[in-house]
Each structure stands twice: as structure tokens, then as C-alpha cells.
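The values are calculated or read from the model by the stated rules, or taken from the named source; none is laboratory data. These numbers come from a predicted model, not from an experiment. Cβ atoms come from the backbone with ideal geometry, glycine included; neighbour counts cover every protein chain shown. These area figures cover heavy atoms from the full protein model, side chains too; ligands, DNA and RNA do not enter into them. Shrake-Rupley method; radii C 1.70, N 1.55, O 1.52, S 1.80 Å.
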Amino acid sequence: MGSPSSMSTTARDSRVRFLIVTLGCAKNEVDSDRMRSLLVASGYSEATSPEDADVALINTCSFLASATSESIEATLELADDAKAGVRELPIIMCGCVPSRYGAELEEELPEVAAFVRTDEEDGIVEVVDSVLGIIRQDVPGRPEVLRTIEATSAYLKISDGCDRFCTFCAIPNIRGRYHSRPLDELVAEAEGLVAGGVRELVLIGQDTGVWGCDLPGEPTLASLLRAMAEVVRPVGGWVRVLYLQPEGMTDELVDVLASVDEVLPYIDIPIQHVSERILRDMGRSGSPEELEGLFARLRERIPGLVLRTTAMAGFPGETEADFEELAEFLPRVGFDYCSVFAYSAEEGTAAAAMRDQVDEDVKLERTQELLDIAEQMGFAATAAHVGERTKVIIDGVEEGPDGVELIGHAWFQAPDSDGAVHISDGDVAVGDVVTCDIIDAFCYELEATIAEDGA
């Protein structure tokens, strides 16, 4: 790798460039963004391709076995590309795979120059320096806000880890016990994002509903949402919260969702299943009656509520009757959006050791049936907005089949998840929040025109 070089943090050396490849969920995107900000503040510049990079960071996902395999394959492909013609390119593997598998990776992946767990990512500058043999003349700077602005919506990770220990989930083994980020830190990050052009803050975490339970004074998610509403109010922005659990739907939280204009009446509650026996085996609580009652109460108290959920097919011991109970429950409640997963036996989880594992073919059949139900619900919910007048955030401009069109998303569409709004023309800019008339729907996509009177 040559002799060590030096770098001053007062002058960026554009020849020292990093590439970040992010796999997995939105929480990984936030972690990558933090690492990017630290590296840029320390004098590095970002590359967009392996050919232009001096070092590559792969931020990995290990939530499912398939995600782990994808992360390792992406790493090996990058290493193969380097051997096939890209100049020498050290690879640093970050995130969930190193957190889950630790030291054993060093022997299994000699192609990787360094491994960085999720709780080590704020030290990424020192790791990259070490890999590249860079000796600094002064201490790296640290930006006030560890984020870059890349879109009109931004994920704000309010916590990490999880204390629920669902029997199918490896997250507590990967990211540790639940820990909330302090309110002042979150407000500062949110203010920086909004100042940079963000108009929608999307609050995420493994279990957002219990935010604050481990902080002094035990603040609540409802109080955090009020604080975030104050941040976005001057620019006419929105606050959205994802990954709530049924137990987290307190009266205080419901009141905020119902009454604070900037906090969107959009709730994402992953139920996973409804069979009381299956839920118990998952390490969760509830029953069809309890869950149906919860969603009815939420719809009664929150006008115009939009509901998203997640369902899992093929958990160990799931009988045909259990599955039918779930398949009938979803359309009965009438979720607006539903993600579907086939159960995956994850190494180190209690469910992986359970008897009565469901046959793979049966699992896939059930998953497809749930996907069909989810599409029917989602397409119908999307089409129901035709004829409405609603607010839309303009996210970008694309070349469509009929020429240039504006792309945005309405308040009832979570970014990157629930489709988009396509607008043929209009004198608006990316980042504007505009009033639109919805005129047509196709699957999860909507077509709209900007309201002439702007009301």
C-alpha cells in the first residue's frame, strides 16, 4: 500500500476519495450518512464509482440470512472488480454483518481490509486513515450535524437496539439493547436538516414508541414529536414516525397524531401475525380481537388515518388455519399499505431452533398469497385518493414517457415505500410543498396537477 502519507484537515486532498455502498434499511442509510459527514469534514472527498475511489466502505445488512448473503456477495464482487481492472482498492466492511459475526470474518473474508461494527462507526475516520496509511498533522474536525442533505425527506434515527427479543429477530444480537438518542441531539440534527432543505423528517428506530424510556425524566415519543413539529413548522414541513409497536400506542401519542398539524396521521405498526398462539411463540403479545380493536380505536380518534403494517408467513408451527386467520384479518382491517416477508430461520435466534419448521414451498405459497392481498389493498387505497386535493412535496424531476415531469409524494405516502405522485408540469422547485389535485392512479402511483388557486 506504499509508505504512509499525511493529510491536513484544513485542506481537502481531492485525490483521497471514498466510496460508500449502503445495503439494507433506512437505519443503515442514516449510519452511512453519518460516516460520510465525518469523512468529508476530515478532508476526504466522495467518489461515485470504484474506479475513482481510493477506499470503499460497504455498510452491510444482516437482518435476514438473505441480506447477509447479499452483503458478502457485494463485498466479493467489489473485490473481484478491483482485481479485474480497478486500481488497488481497500475494502472496509461496516454495519450489521461485522456486528453479528465479529472476529470470524477476518479469516473468512481476507479481501476486507477492516471491519467496523455499528457501535464503532463514529470512529470511521481513524479506520480509513489506518487502512490508507495516512498520518494526520492535526485532529480531524467534527461537523456540528453529522448529516448531509440529499433529498427533501430525511430519516432521523431516534434510537438504536431493541429490548423486545422477538424469537425470529437477530437485531438485539446485532445492535444491542435499546438506547434512545437525547432530545437536544435530535433537535439539533433536525434543525440542520431543515436548514439544508429537508421538508419531511421521518423518525425511525427499532421500536420508536418507547423512545425516551431510558433517558433522564423518561420523555415520551409524543413529546419528541411536538419538538419536531416546532422545527418543521416555519417551512411548512411534515413529521412522520415509523416502526411503532401496538403496545406503544398510548393516549398521549394518539392525541399528538390527531391534533398536531405537522405530525402526519400515518401509522406504521408491524403486526407480523394475528394468531394468538403464533404471536406468543414469536415472543409478542396480542390476538385478532385486540389488534382489530386497536386499529378501530385509532381510526375513530385520528381523522383520515393511514395504516401501514408488516405480515410474516411461515413462522415455525404455522398451520393452514393460522395462516388463513392472518390472510382474512388483513383485508378485514383494510390496511393502506402492507409489507410481506417469508419467515427466515436466523442463526442465533430462538425460532431457528423450534420444531415444526414450515416447508419452504408452503412458505413461499403463503407469502405470495399475502403479497396478492397486500397489492389489492394498496392499489384500492391508492385509487381512493383520486379526486382529492392534497399537499405534495416535490422530490425531483424525471424524464417521463410524455416529457419532463415533476415527482413528489403526498402526506399519505412514506418516501421510498408507498409510491409517488407524478405531475406533468408546474412552476415549482424541488423542495416546495404544493397543493395538488389527484386525477388518476395506477397501482401505487398517482397522477396529479398543481391546483390553480393553490388552496
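Post the alpha-carbon centroid distance, region 396-441 to region 366-383, in whole angstrom. If we compute the Cα centre of each part, the gap is 23 Å. Where the alpha-carbon atoms of region 360-399 are placed on the principal axes, they occupy 43, 24, 15 Å, in descending order. Normalising by residue count, region 195-333 has a Cα convex hull of 126 Å³ per residue.
Cys residues of the chain that find no other Cys beta carbon under 4.7 Å: Cys25, Cys61, Cys94, Cys96, Cys162, Cys213, Cys338, Cys436, Cys443. For the pair region 11-64 and region 153-223, the centres of their Cα atoms are 22 angstrom apart. Direction-averaged projected area, Cα convex hull, region 147-273: 8.0 nm², rounded to one decimal.
The average projected area of region 242-396, computed from the convex hull of its Cα atoms over all directions, is 11.0 nm². Rounded to the nearest whole angstrom, the semi-axes of the ellipsoid equivalent to region 387-426, taken from the Cα gyration tensor as √(5λ), stand at 18, 12, 8, largest first. For Arg181, what charge total do you get from the other residues with a beta carbon under 11 Å from its beta carbon, if Lys and Arg give +1 and Asp and Glu give -1? Combined, the nearby Lys, Arg, Asp and Glu give -4. Let me know the whole percent of all Cα-Cα pairs from region 398-455 that are separated by more than 12 Å. When all Cα pairs of region 398-455 are counted, 65 percent exceed 12 Å. In region 310-437, the ratio of gyration radius to Kirkwood radius, Rg to Rh, stands at 1.14 when only Cα atoms are counted. Annotation for region 326-390: trypsin sites (Lys or Arg not before Pro) lying in DSSP loop with at most 15 further Cβ atoms inside 10 Å of their Cβ are Arg355. Of all DSSP bridge pairs formed entirely within region 124-244, close to 20 percent run antiparallel.
The slack in the chain from Lys391 to Val430, taken as 0.36 nm per residue of separation less the alpha-carbon distance, amounts to 12.6 nm. Note: region 291-372, Cα convex hull, 105 Å³ per residue. Estimated at 0.36 nm per residue, the fully extended path between Ser339 and Glu88 surpasses their Cα-Cα distance by 86.3 nm.
Across all Cα atoms of the chain, the radius of gyration (one decimal) and Dmax (whole number) stand at 23.1, 68 Å.
Within the chain, what whole-number % of the accessible surface is contributed by carbon and sulfur, with the 1.4 Å probe and all protein chains included in the calculation?
50
Within the full protein context, the accessible area of Lys391 is estimated at about 90 Å² for a probe radius of 1.4 Å. If N is the number of residues in region 259-321, what value comes out of its Cα radius of gyration divided by 2.2 N^0.38 Å? That ratio works out to 1.32. Computed over protein heavy atoms with a 1.4 Å probe, the accessible surface of the chain works out to 44 Å² per residue. Between Ser259 and Asp163, the distance separating the two model label sites (each 7 Å from Cα on the Cα→Cβ line) works out to 2.8 nm.
Taking all Cα pairs closer than 8 Å and separated by 6 or more residues, the relative contact order of region 251-316 comes to 46 percent.
Label positions at Asp372 and Glu290, each projected 7 Å from the Cα along the C-beta direction, are separated by 3.2 nm.
Secondary-structure-derived ellipticity at 222 nm for the chain, considering helices only, amounts to -10500 deg cm²/dmol, per-run term -39500 (n - 2.57) for DSSP H runs with n ≥ 4. The slack between Glu185 and Met354, meaning 0.36 nm per residue of separation minus the straight C-alpha distance, is 56.7 nm. Size estimate for region 47-100 follows the Kirkwood approach: the inverse of mean 1/r over distinct Cα pairs works out to 11.5 Å. Here each label is just a point 7 Å from Cα along the line to Cβ, and for Arg301 and Asp416 those points are 3.0 nm apart.
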